[in-house]
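Here is the structure we will look at, set down as structure tokens.
The values are calculated or read from the model by the stated rules, or taken from the named source; none is laboratory data. Keep in mind that this is a model prediction, so the values were computed, not measured. Here the Cβ positions follow ideal geometry from the backbone for every residue, glycine too, while neighbour counts run over all protein chains shown.
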Amino acid sequence: MHICYISNLYPPETIGGAEKYVRNVSEELVRRGHKVSVLTTAASDSGSVSSFNSERRNGVDVYRITPANMYTPIEHRDASPWQKPVQHIIDLWNPQIYAKFKSKLLSLEPDVIHTNNFGGLSAAVFTAAGAIDAPIIHTLHDYRLIDIRPDLFNNGEIIGVRKIMKPFRLFNKKIIEPHITQVLSPSQFVINKHKESGLFESTPCDRLKLGVSPSNSGEEINYVETDDFRILFAGQITKQKGVDILISAFEQLDQKDVRLDILGKGPEKEKLERRSEGDERIQFHGFVSEEELDRYYQLADTTVLPSRWYDNSPMVIYESYSHSTPVIGANIGGIPELIEEGITGELFDPENVKDLSNKLSLAHESFDKRMSENAHDWAQKNTLTNHVDQLENHYLSEMESK
């Protein structure tokens, strides 16, 4: 089977978990003997707007092109304010992307096309894919079909389904939806939010949880005892991720034998570093390699997701469980679908500093290794292997129905 993935980013260019997901699934399918191609973007300084650059990464054929727009997905945080409105207009339907993707897809002749995050590529990838005689499966990683703000978050708060974005949703319903034969999402919350917005009312939708890479999920419980009680945050340091909430909750802990490790980068990092200068228990480590991330998961007693936004199905939870580390998460979006309270972790009221601080204090005072065992067992049931087994079934079913 030849599967072609369309994703706005692909490692080593990464921002979030979606592009890592595409890589992990692609490489697993290659190991199973399938042919896998990926169409993605290239940064302005390393690609071309006129043709795809090609490379083979761990058996996956990767084709990168620079969109003819103001900036590429990897460059969006450095964009000037005046560039963004122009970017959004072109990113509705980019004729360059349509022409180049259609031509490449016709030459590749995939059996299945699997679209993922497409910000920076525009709706044109769907009309280009629609010209190919192959089923199109789309995985929802965010809310880009609902609003130009794919996290439904603005000025420090959730914006929900805005009336002003109704024409945008109608455009997507007309241009994108007819080409999609199957919708997948790791979170039922995300599927429901799209249906509430009037999207995919007659398109088959299925919740398919992600999976943990076999390299991270061994048979033995992966727990390391340390002198301190270590709390971990791993992700983008942005307002919607709620790192400031975690720091405020942590600062209320009187214990000296607690430590907060914050991994990642983002626009809030410098401000939060300055704020935390007086507390030696709080350490910022910046962006770390995947090998280093594994080590921090092993050292952590609990991982915290203090999200303000409608988080989908955070890969951090899967990765944390694979290292036998329980998770304390905000009760918002798809997070509660992955945390069994008192079993694999705890939930707290979103943005409630006192509630989170109480959960951290309780975890420190009465740490239960059974939670580590439960987290490990959860990861064993939700492996990348199991996920790809189900993906293959979806692909075969859609091919038979085409």
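See the values below:
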read-out	value
Strands (runs of 3 or more DSSP E) (entirely within segment 286-362) containing at least 2 residues that are hydroxyl-bearing (Ser, Thr, Tyr) and crowded, with 17+ Cβ neighbours inside 10 Å	302-305
Residue within segment 223-245 that is within 25 Å of Arg77 (Cβ to Cβ), out of contact with any Asp or Glu (no Cβ under 6 Å at 6 or more places or on another chain) and acidic (Asp, Glu) present	yes
Hits in segment 146-189 - residues which are closer than 21 Å to Val125 by Cβ and either among the aromatic types (Phe, Trp, Tyr) or not assigned by TED's automatic domain parsing to the domain that holds Pro135 (or both)	Phe168, Phe171
Extreme residue, farthest from Ile180 (Cα to Cα), among residues of segment 123-133 that are touching a residue at least 60 places away in the same chain (Cβ under 8 Å) and buried (at least 24 other Cβ atoms within 10 Å of the Cβ)	Val125
Scan of segment 78-115 for residues that are over 12 Å from Ala129 (Cβ atoms), of a type in the set (S, T, N, Q) and surrounded by 16 or more Cβ atoms within 10 Å (Cβ to Cβ), ordered by number	Gln87, Asn94, Gln96
Matching entry among Arg32, Arg23 (being under 21 Å from Asp111 (Cβ atoms) and surrounded by fewer than 18 Cβ atoms within 10 Å (Cβ to Cβ))	Arg32
Residues satisfying the stated conditions in segment 38-77, i.e. over 22 Å from Ala129 (Cα atoms), modelled with pLDDT of 90 or more and not basic (Lys, Arg)	Asn58, Gly59, Met70, Tyr71
